[in-house]
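Notes to accompany the following structure.
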Amino acid sequence: MHEGVAAYVLGVLDEEELEEFERHLDTCARCQAELQDMAEIPSRLDELKHLPSAAEDDPPMSMSR
Amino acid sequence: MCPVLGHLAGKLESTDAEAEHRIAVLYQEFGGPLLRHVRKSTGNDLQWAEDVVQETIVRAWRHSARLQWEPSLIWAWLLTVARRIVIDGRRRKSVRPHEVEPPEVDMLAVPDGSERALSAMVVADALRSLSEEHREVIEQTYLRDRTINEAAEILGIPPGTVKSRLYYGIRALRVLLRDKGVAG
């Protein structure tokens, strides 16, 4: 259950899993601490959307398979 | 009193004055920063950003026990709730995720463009430093607006594996970005 914190922070859990994780979060100090640690990561990843080369020039960064 | 707060205060009239006070404090403390943060992910769409902040505050009110968390945890939770609301809104608004559109070169020409591009390159470098497995799940979920289950199907691996790799990948990314001084 603890590993769901990253998916929760990134907003990529299904609705059902999201609710389940939030109930877990209410009682899990470890996930609360990791939520704080990871909360700014999505904003950093959003910066990639302003960098054309990141999406286009580098095969591993795009749909390579 | 702002419209959101007035609306909430009305709802709370017959319930708990202490809860009402907590909401007021919450809005005063986080409303402004949250709006500035959300605007970045709504493409500077102010109306949409205000709606997202309002919905976030309403959700916080519904889970008032969480308002007793320490402020930095409340902030992290509010950011996460707001982000999810933006993502859900984007999914409703468009069949195609926005980031699949070709990036505008002009985006780099705005006043803070060079700084932003520099920061983006740091993030791109960090992402490249990850293992292939970790980078892949970050790309196939968040960067392409897909859920864990959708990405699992595309990658042909179990959802639990995607979730686990995402966890270790994000932890590794956080360490890399912290070392480079762009994430706290």
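The values are calculated or read from the model by the stated rules, or taken from the named source; none is laboratory data. This is a predicted model, so every value here is computed, not measured. For neighbour counting, all protein chains shown are included, and Cβ atoms are generated from backbone atoms with ideal geometry for every residue, glycine included.
Examine region B:54-71 for a residue that is aromatic (Phe, Trp, Tyr) and modelled with pLDDT under 85, and state whether such a residue exists. Outline the logic, then answer.
Taking region B:54-71 first, the residues aromatic (Phe, Trp, Tyr) are B:61, B:69.
Add one more test, that the residue is modelled with pLDDT under 85, and what stays is B:61.
Yes.
Looking at (1) within 9 Å of chain A (Cβ to nearest Cβ); (2) modelled with pLDDT under 95; (3) over 19 Å from A:Val9 (Cα atoms), find the lone condition where B:Glu132 falls short.
Answer for B:Glu132: the failing condition is (2).
Note down all Cβ pairs under 6 Å where the first residue falls in region B:57-78 and is within 15 Å of A:Tyr8 (Cβ to Cβ), the second is aromatic (Phe, Trp, Tyr), and they're at least six residues apart or on different chains.
That search, which allows pairs on different chains as well, returns B:Leu78/B:Phe30.
Say we look at region B:143-155 and pick out the residues that are assigned to a helix (DSSP H, G or I) and in contact (Cβ under 8 Å) with a residue 24 or more places away in the chain; which of these is farthest from B:Ala124 (Cα to Cα)?
In the first step, residues of region B:143-155 are kept if they are assigned to a helix (DSSP H, G or I); the result is B:143-144, B:148-155.
From what's left, in contact (Cβ under 8 Å) with a residue 24 or more places away in the chain: B:143-144.
On the way: B:Leu143: 12, B:Arg144: 15 Å.
Per the stated criteria, the residue is B:Arg144.
From the list A:His2, A:His24, which residue is at pLDDT 95 or above and touching a Cys at 6+ places or on another chain (Cβ under 8 Å)? Steps first, answer last, please.
Details: A:His2 fails: at pLDDT 95 or above.
The unique qualifying residue is A:His24.
Looking at B:Ala82, B:Ala76, B:Ala49, which is the one that is in contact with a Lys or Arg (Cβ under 7 Å, 6 or more places away or on another chain), surrounded by 12 or more Cβ atoms within 10 Å (Cβ to Cβ), assigned to a helix (DSSP H, G or I) and modelled with pLDDT of 90 or more?
Working: B:Ala82 fails: in contact with a Lys or Arg (Cβ under 7 Å, 6 or more places away or on another chain); B:Ala76 fails: in contact with a Lys or Arg (Cβ under 7 Å, 6 or more places away or on another chain).
That would be B:Ala49, the only listed residue that is in contact with a Lys or Arg (Cβ under 7 Å, 6 or more places away or on another chain), surrounded by 12 or more Cβ atoms within 10 Å (Cβ to Cβ), assigned to a helix (DSSP H, G or I) and modelled with pLDDT of 90 or more.
Quick check on B:Ala9: is it in contact with a helix residue (DSSP H, G or I) (Cβ under 7 Å, 6 or more places away or on another chain), at pLDDT 85 or above and outside the structural domain of B:Leu143 (by TED's automatic domain parsing)? Reasoning before the result, please.
Numbers: in contact with a helix residue (DSSP H, G or I) (Cβ under 7 Å, 6 or more places away or on another chain): yes; at pLDDT 85 or above: no; outside the structural domain of B:Leu143 (by TED's automatic domain parsing): yes.
No, not satisfied.
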